[in-house]
1. Any idea which of Leu66, Leu133, Ile22 is furthest toward the positive side of the dipole for the chain, if Lys and Arg beta-carbons carry +1 and Asp and Glu beta-carbons -1?
2. Tabulate in residue order the Karplus-calculated ³J(HN,Hα) for the range 210-215, using 6.51 cos²θ - 1.76 cosθ + 1.60 with θ = phi - 60°, rounded to whole Hz; enter x for Gly and Pro.
3. Output the relative contact order of the chain, whole-number percent, from Cα pairs under 8 angstrom with separation of 6+ residues.
4. Give me the distance between the Cα centres of the range 219-238 and the range 140-216, rounded to whole Å.
5. Just to be sure I understand the model, the point goes 7 Å from the Cα along the line to the Cβ. What's the resulting Gln195 to Asp217 distance in nm?
6. Using the Karplus curve 6.51 cos²θ - 1.76 cosθ + 1.60 with θ = phi - 60°, what ³J(HN,Hα) values do you get for each residue of the range 102-116, in whole Hz, with x for Gly and Pro?
7. To the nearest 20 Debye, how big is the dipole of the range 1-93 about its Cα centre, given +1 on the beta carbon of each Lys and Arg and -1 on that of each Asp and Glu?
8. With just the Cα atoms defining each centre, how far is the range 56-78 from the range 108-127? Give it in Å.
Amino acid sequence: MKLFIYHTPELTPTDEVPECAIAVDVLRATTTMATVLAAGGEAVQVFSDLDQLLALSEKWPGEKRLRAGERGGSKVPGFDLGNSPLDCTPELVQGRRLFISTTNGTRALQKIQNAKIVLAAAFVNRAAVVQHLLEKQPETVWIVGSGWEGSFSLEDTACAGAIAHSVVQQSKLSQDELAGNDEVVSAIALYSQWQDNLLGLLHLASHGKRLLRLNCDQDLKYCSQTDILDVLPIQQEPGVLIGKK
């Protein structure tokens, strides 16, 4: 297994497709997706375009769908939800499909949707993702951070490092054998420094500060928790993820 980390979707190679690709958007899209699927959501369907989301979701019965739209950290007017995982209670999401479009995370998933295996990861479901990698042993794995509008984000890189760190700990691979690029080594170092204070890291991150200004401090607390959801969001068809438990 060779692991490659890319800080943003724009940095991924254009002439290659990995066997396995993992999208990470800790604040908050992939955390929300894992939460919805763990709480009994039927599926999560991702869109970069809000109009396309509205048009496609119209074909679903109202009681079987939820529309989540977020831009700049705030809920899009007229949508059922923004991008807060705390709103995704079992009572609300059970048996329903979440149609979601966010500023960064949904773009990352669309960028990697042609890989043989496509997963969504966050701190909350890190262990489930690592277990899948250890079981399937894909030859090449890309972990793609969502970043913020094309730039590096601390929290996504730390989460990528958390995945890589755990793979090293639980496999017979050394860090040197696992790392396909320098970003893997730096991400593991970042996670190792902050693993006991991930909430502190989220408070330092530029997007964390943006969410704090929007009074989303409880979201940051939730998103900083590690291995609390035993769910694997895995792509069933392009742009549609289901939860494997």
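1. Leu66
2. These are the phi-based 3J(HN,Hα) values: 4, 5, 5, 5, 8, 6 Hz.
3. Numbers: 538 pairs, mean separation 80.2, N = 245.
Relative contact order here is 33 percent.
4. Here the two parts' Cα centres lie 14 Å apart.
5. Result for the modelled spin labels: 2.9 nm.
6. Result, ordered by residue: 10, 4, 10, x, 5, 5, 5, 5, 5, 5, 9, 5, 8, 5, 4 Hz.
7. Details: 8 positive and 14 negative charges, 43 e Å.
Charge dipole, the range 1-93, about its Cα centre: 200 debye, nearest 20.
8. Cα centroid to Cα centroid, the span is 21 Å.
The values are calculated or read from the model by the stated rules, or taken from the named source; none is laboratory data. Because the structure is a prediction, the values reported are computed rather than measured. Virtual Cβ from ideal backbone geometry, glycine too; neighbours counted across all protein chains shown. Accessible surface is based on the protein model in full, side chains and every heavy atom, while ligands, DNA and RNA are left aside. Shrake-Rupley method; radii C 1.70, N 1.55, O 1.52, S 1.80 Å.
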